[in-house]
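A short worksheet on the structure shown next.
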Amino acid sequence: MNIAIVGATGNVGRKTLEVIEKKNFKFDNLYLVASPKSAGKKISFKNKDYLVENLETYDFSKANITFFAAGGKISEKYAEKAAEHTTVIDNSSFFRMDPDVPLIVPQVNGSEVKKMKKNIIANPNCSTAQLVLVLKPLHDLFKIKRVVVSTYQSVSGGGKGPMDELIDQTKEYLDGKKIVPKNFTKQIAFNIIPHIDIFADDGYTKEELKMTNETKKILDEKIELTATCVRIPVLVSHSEAVNIEFEKPYTLEMIRDTLNNAEGCEVLDKTEDGGYSTPLEATGKDETYISRIRKDKTKENALNIWIVSDNLLRGAALNSVEIAETIINSK
Ligand SMILES: NC(=O)c1ccc[n+]([C@@H]2O[C@H](COP(=O)([O-])OP(=O)(O)OC[C@H]3O[C@@H](n4cnc5c(N)ncnc54)[C@H](OP(=O)(O)O)[C@@H]3O)[C@@H](O)[C@H]2O)c1
């Protein structure tokens, strides 16, 4: 088993290495690939130095499984050619809605890896991955009709550039210096921005539409979902305020029991000061946390919850390595 990571120097690529190490994922050879500017750099992994290879000259036949974490344009240009020689697990949005490419959260629809036709599997958007992980066990029991979600997304969702910019802007603000945004449309330090990805004609952003379309593809076409996606000045972990309307009645005890027993989920919900999850505590953890579980008193069979998860793990690296494990197990 040889594996490769395209985008190995980025946020998701580096996290993928961490997950591979933590899970003790078995491999014979590892190939790390990035842009020409990183070619020749050394990355230390499990007491061994690896030289970063240039994507432009990299030979895809060297690995059985290749993780792509270098953005949609790179996946568009290279993934299908790569898939002639290696199974591609793609973190970008480029193939997610392709009917011939399964979109997988292993705990939710892992068996669909078998439907792979192009030798490519897509990893969902970070906000969608943590949401469907929680929705799936509830949908199985109470049948979800509609979801209204507002996200509070960390800057790492945009890559390492935006993370550096939040730190730089924070220092500039405290030093009383002029702030000129680079990766964001407005100042992000001490502010929030209700805009992630580009605008569509209907006024929604692409990030919001991804949440609707990907949830339908992964979980159930019949689920109606409307989203508002907001970038906040937090480094890692995305939070979501979620309103769910079910077809069937539920009790809060049933919701807590179901989520506590769901793989990858953990209920952290005490109605007292600090008895809930926050992004800082979720960072570096594999679990997706559910807090603030309350009845929506304005509508029958409706529920309010708060979900927090590490976007670089469940939303990217952890999910993609679990996809690789699922593919290997299915063979
Ligand atoms: N961050 C998240 O929460 C998250 C969640 C789900 C999915 N994703 C997706 O994962 C992908 C990577 O995101 P990220 O956050 O890791 O971004 P990032 O931190 O900006 O890293 C980008 C990576 O892509 C490489 N790259 C850029 N241009 C390249 C080129 N021309 N040729 C080869 N490699 C190139 C970079 O290499 P250099 O260092 O050499 O430039 C770097 O390794 C994106 O598609 C993103 O949408 C991210």
Rel. contact order, % - alpha carbon contacts under 8 angstrom, at least six apart, region 102-166: 26
Write down the accessible area per residue of region 24-136 in Å², having rolled a 1.4 Å probe over the full set of protein chains. 45
Tell me the trypsin sites (Lys or Arg not before Pro) within region 30-103 that lie in a loop according to DSSP and have at most 11 other beta-carbon atoms within 10 Å. K46
Could you tell me which GluC sites (Glu not before Pro) in region 79-162 are loop residues by DSSP with no more than 15 other beta carbons within 10 angstrom of their beta carbon? E84
Using the Kirkwood radius over Cα pairs of region 214-331, the Stokes-Einstein translational diffusion coefficient at 20 °C and 1.002 mPa s, in µm²/s and rounded to a whole number, is 135
Expressed in angstrom, Rg and Dmax over the Cα atoms of the chain are 19.9, 60
Under the span-like rule (Cα at least 20 Å along the axis, Kyte-Doolittle mean at least -0.5), DSSP H helices of the chain: 126-142
Post the alpha-carbon centroid distance, region 189-242 to region 57-127, in whole angstrom. 22
Of all DSSP beta bridges with both partners in the chain, the antiparallel percent, nearest 5, is 45
Zone residues, region 128-151, relative to M97, backbone N less than 18 Å from point 7 Å out along Cα-to-Cβ: 128-129
Given a 1.4 Å probe and every protein chain left where it sits, what share in percent of the accessible area of region 204-319 is carbon and sulfur? 49
Report the label-to-label distance for A39 and K160 in nanometres (one decimal), using points 7 Å from each Cα along the Cα→Cβ vector. 1.8
Return the carbon/sulfur percentage of the accessible area of region 146-194, one whole number, probe 1.4 Å, all protein chains in place. 53
Compute the Rg to Rh ratio over region 1-78 from the alpha carbon atoms, using the Kirkwood formula for Rh, and round to two decimal places. 0.93
When the gyration tensor of region 56-98 is built from Cα positions, what are the square roots of 5 times its three eigenvalues, in whole Å, from largest to smallest? 17, 11, 9
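The values are calculated or read from the model by the stated rules, or taken from the named source; none is laboratory data. Quick caveat, the model's predicted, so the values are computed rather than measured. As a convention, Cβ positions derive from the backbone with ideal geometry for all residues, glycine included, and neighbour counts pool all protein chains shown. Accessible surface areas use protein heavy atoms only, side chains included; no ligands, DNA or RNA. Shrake-Rupley method; radii C 1.70, N 1.55, O 1.52, S 1.80 Å.
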